[in-house]
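The values are calculated or read from the model by the stated rules, or taken from the named source; none is laboratory data. What you see is a predicted model; the values in this text were computed from it and never measured. Glycine gets a Cβ as well: all are built from the backbone with ideal geometry, and neighbour counts include every protein chain shown. Heavy atoms of the whole protein, side chains included, go into the accessibility calculation; ligands, DNA and RNA do not. Shrake-Rupley method; radii C 1.70, N 1.55, O 1.52, S 1.80 Å.
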Amino acid sequence: PVTQLRRKMSILERVNKLQEVRIASFMKSEKKGSDEINRSRKKIEELERQNRYFEDRYRDLKNDYETQREFFVNNQESMQKVAQESKDVAVLALKQRYETEIESLVKRLKSLGDTLET
């Protein structure tokens, strides 16, 4: 009976050590899993931070585009007005120049007519 008891104790000790090894292995794998979860969380947080940065950047670029587009449209309209005004001024200047030339030609013709009559 003592020998059987020692055998049983020996078996129980081996089973106990085996259970301790299993528990240690399980705890180690749990820690690995926990570390992986933490790394994944950090990666997700980093990706979310980058996403917010790019969303902000996109919003800024979109606002810049809208501002520049509005400026361009307004600038184009004012340039068209200036061009039309310049064209009007050029036409008026040509009109005055031709009227002056016509008046001077009429005077010359009158003076030539007067000299022919005499």
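Observations on the structure shown:
- Each residue in the stretch 61-77 was checked for being open to solvent by less than 100 Å² (accessible area, probe 1.4 Å) and within 14 Å of the chain's Cα centre (by Cα), and 5 of them qualify.
For every residue, the table says whether it meets (1) at pLDDT below 90; (2) within 23 Å of the chain's Cα centre (by Cα); (3) surrounded by 10 or more Cβ atoms within 10 Å (Cβ to Cβ).
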{"residue": "Leu18", "(1), (2), (3)": "no, no, yes"}
{"residue": "Val21", "(1), (2), (3)": "no, no, yes"}
{"residue": "Lys28", "(1), (2), (3)": "yes, no, yes"}
{"residue": "Lys31", "(1), (2), (3)": "yes, no, yes"}
{"residue": "Asp35", "(1), (2), (3)": "yes, no, yes"}
{"residue": "Arg39", "(1), (2), (3)": "no, no, yes"}
{"residue": "Gln50", "(1), (2), (3)": "no, yes, yes"}
{"residue": "Arg59", "(1), (2), (3)": "no, yes, yes"}
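- A search for C-beta distances below 8 Å between a residue of the stretch 101-115 that is touching a residue at least 24 places away in the same chain (Cβ under 8 Å) and part of a helix (DSSP H, G or I) and any residue that is open to solvent by 100 Å² or more (accessible area, probe 1.4 Å) and among the β-branched types (Val, Ile, Thr), counting only pairs 6+ apart in sequence or on different chains, returns nothing.
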